[in-house]
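Working notes, structure below.
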Amino acid sequence: MVIREISKEDNAQIKKIIQDSLKSLGLDIPGTAYFDPQLDDLHQYYTRLKNSQYWVVEINGEVAGGIGIAPFNEHEKICELQKLYLSPKTQGLGFGKQLMETALAFAAEHYEKCYLETQHELKAACRLYEKFGFALLPEPLPGSEHSAMDAWYIKDLKQS
């Protein structure tokens, strides 16, 4: 198992993992990442943003999931944890935890807080976020783009 920065060659596979995952949950609807225009070239999208990165987890040479960090509100030093998805055969094996550790270590170098949006029905994801110290918010932060989400979390990256 290797966690590494996304390459251009990973774009199609990670897009498929994201869209297949959302479709399996009935979330292939407007207001979710399913229709994000940057899905066709996540490598370029994250490369051109300042203080941004997307990592993939590779198992036996095959991309099995990924996670991203991108600016959300630079004035307030808030980033967003984005697009944490794993292929079904790798869920529950600890790869999500390892991706989170990688992404949050990077985020802490560049930001003071980390925001994310999800759905309450994604119970395993919500438990993972809470285990990493994310606190549930009553509403999305201004600037939120995924209107179909109903759970919003924030984490203070400067706490020890």
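The values are calculated or read from the model by the stated rules, or taken from the named source; none is laboratory data. Since the structure is predicted, the reported quantities are computational estimates derived from the model, not experimental observations. Note that we place each Cβ from the backbone using ideal geometry, even for glycine, and neighbour counts take in every protein chain shown. Heads up: the accessible areas ignore ligands, DNA and RNA and are worked out on the full protein's heavy atoms, side chains in. Shrake-Rupley method; radii C 1.70, N 1.55, O 1.52, S 1.80 Å.
Of the set (1) open to solvent by 20 Å² or more (accessible area, probe 1.4 Å); (2) at pLDDT 95 or above, all apply to ILE59 but (2). Is it the case that some residue within segment 97-115 is modelled with pLDDT under 95, of a type outside the set (Lys, Arg) and touching a strand residue (DSSP E or B) at 6+ places or on another chain (Cβ under 9 Å)? Checked against the condition, which is being modelled with pLDDT under 95, of a type outside the set (Lys, Arg) and touching a strand residue (DSSP E or B) at 6+ places or on another chain (Cβ under 9 Å), segment 97-115 yields no hits at all.
Residue pairs whose Cβ atoms lie under 7 Å apart, separated by 6 or more positions or on different chains, with the first residue in segment 10-35 and under 17 Å from GLY66 (Cβ atoms) and the second open to solvent by 80 Å² or more (accessible area, probe 1.4 Å), are ASN11/ASP40; LYS15/ASP40. Applying the condition of being in contact (Cβ under 8 Å) with a residue 40 or more places away in the chain and open to solvent by 20 Å² or more (accessible area, probe 1.4 Å) to segment 37-54 and asking which residue is nearest to HIS120 (Cα to Cα) yields GLN53.
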